[in-house]
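Asker: Below you'll find the structure I mean.
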Amino acid sequence: MVDAAHIETDLDPTALNLSESDILGRLKEIAGQIDADYEGKDLLLVGVLKGAVMVMADLSRSLNRHVEIDWMAVSSYAGTKSSGVVRILKDLDTDLEGRHVLIVEDIIDTGLTLSWLVKNLKSRGPASVEIATLLRKPDALEMAVDVKYVGFDIPNAFVVGYGLDFNEKYRNLRSIGTLAEHTYS
Ligand code: 5GP
């Protein structure tokens, strides 16, 4: 077996499954749009740790242009989930004044973390702030912030792999899927 192939057997084969080539193919398409949209402008990609690591690696390498990459770490929901209160654990190293910022996300569920993040980054004087996410769940469609680039709209199920974890595991899967019942029951 190569790489993390043996843990792929923890995924439910009958549920949603995005293979590595599905993911890379879609990220290439999005990268082409980003190349066109930001032509002649500088671009700073901002990733949110830890889930966005794989998306950032593959999306940034599909771009045919120079970019800068920076990272933030936030704790989602320092209160109840509905409060949308977010605490910064690691801030950006980059000054955003006059910069074109593209937030790179793995998944948007309620969108609470992201609306907070967009507001926070916009307060720092950037030229623009947009969002690219690999996955989006149905609730995010009611979100007040626009998402400029979406990889896949998926149903309301808990997914793992390609950076997304379950209790910190499964981030190193190359594909994305839902866990089979035998893995948690
Ligand atoms: P939101 O603020 O959009 O509700 O939540 C965003 C965060 O919740 C994501 O960045 C991710 O960390 C986590 N999350 C939401 N849905 C899923 C999911 O299906 N699988 C995993 N592994 N994490 C999820």
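The values are calculated or read from the model by the stated rules, or taken from the named source; none is laboratory data. Because the structure is a prediction, the values reported are computed rather than measured. Here Cβ is always computed from backbone atoms with ideal geometry, including for glycine, and neighbour counts include all displayed protein chains. These accessible areas exclude ligands, DNA and RNA; they are computed on the full protein's heavy atoms, side chains included. Shrake-Rupley method; radii C 1.70, N 1.55, O 1.52, S 1.80 Å.
Asker: Given the conditions (1) open to solvent by 10 Å² or more (accessible area, probe 1.4 Å); (2) within 17 Å of ALA132 (Cα to Cα); (3) touching a strand residue (DSSP E or B) at 6+ places or on another chain (Cβ under 8 Å), which single one is not true for SER75?
Answerer: All conditions pass for SER75, except number (2).
Asker: Return the residue satisfying two criteria in turn: it lies in segment 103-117 and is buried (at least 21 other Cβ atoms within 10 Å of the Cβ) and in a helix (DSSP H, G or I), and of such residues it is modelled with the lowest pLDDT.
Answerer: The residue in question is LEU114.
Asker: Could you please find all residues in segment 128-147 being touching a residue at least 40 places away in the same chain (Cβ under 8 Å) and assigned to a loop (DSSP other than H, G, I, E, B)?
Answerer: The answer is none; no residue qualifies.
Residue by residue, here is whether (1) more than 19 Å from GLY25 (Cβ to Cβ); (2) open to solvent by 30 Å² or more (accessible area, probe 1.4 Å); (3) in contact with a Cys (Cβ under 6 Å, 6 or more places away or on another chain) holds:
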residue	(1), (2), (3)
ASN120	yes, yes, no
ALA127	yes, yes, no
LEU134	no, no, no
ASP153	no, yes, no
PHE158	yes, yes, no
HIS182	yes, yes, no
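Asker: Also, quick follow-up: Do we find that ALA157 is within 12 Å of the ligand (Cβ to nearest atom), within 19 Å of ALA57 (Cα to Cα) and either not hydroxyl-bearing (Ser, Thr, Tyr) or not in a strand (DSSP E or B) (or both) in this structure?
Answerer: Working: within 12 Å of the ligand (Cβ to nearest atom): yes; within 19 Å of ALA57 (Cα to Cα): no; either not hydroxyl-bearing (Ser, Thr, Tyr) or not in a strand (DSSP E or B) (or both): yes.
So ALA157 fails the test.
Asker: Shifting gears a bit: Could you list, in sequence order, the residues of segment 39-50 that are open to solvent by 10 Å² or more (accessible area, probe 1.4 Å), touching a strand residue (DSSP E or B) at 6+ places or on another chain (Cβ under 7 Å) and under 26 Å from LYS169 (Cβ atoms)? Steps first, answer last, please.
Answerer: Restricting attention to segment 39-50, the residues satisfying the condition of being open to solvent by 10 Å² or more (accessible area, probe 1.4 Å) are 39-42, 48-50.
Subset that is touching a strand residue (DSSP E or B) at 6+ places or on another chain (Cβ under 7 Å): 41-42, 48-49.
Once the filter is applied, which keeps residues that are open to solvent by 10 Å² or more (accessible area, probe 1.4 Å), touching a strand residue (DSSP E or B) at 6+ places or on another chain (Cβ under 7 Å) and under 26 Å from LYS169 (Cβ atoms), segment 39-50 yields VAL48, LEU49.
Asker: Residues that are more than 16 Å from the chain's Cα centre (by Cα), at pLDDT 95 or above and either away from the ligand (no atom under 13 Å from the Cβ) or not aromatic (Phe, Trp, Tyr) (or both): does segment 132-146 have at least one?
Answerer: No, because not a single residue in segment 132-146 is more than 16 Å from the chain's Cα centre (by Cα), at pLDDT 95 or above and either away from the ligand (no atom under 13 Å from the Cβ) or not aromatic (Phe, Trp, Tyr) (or both).
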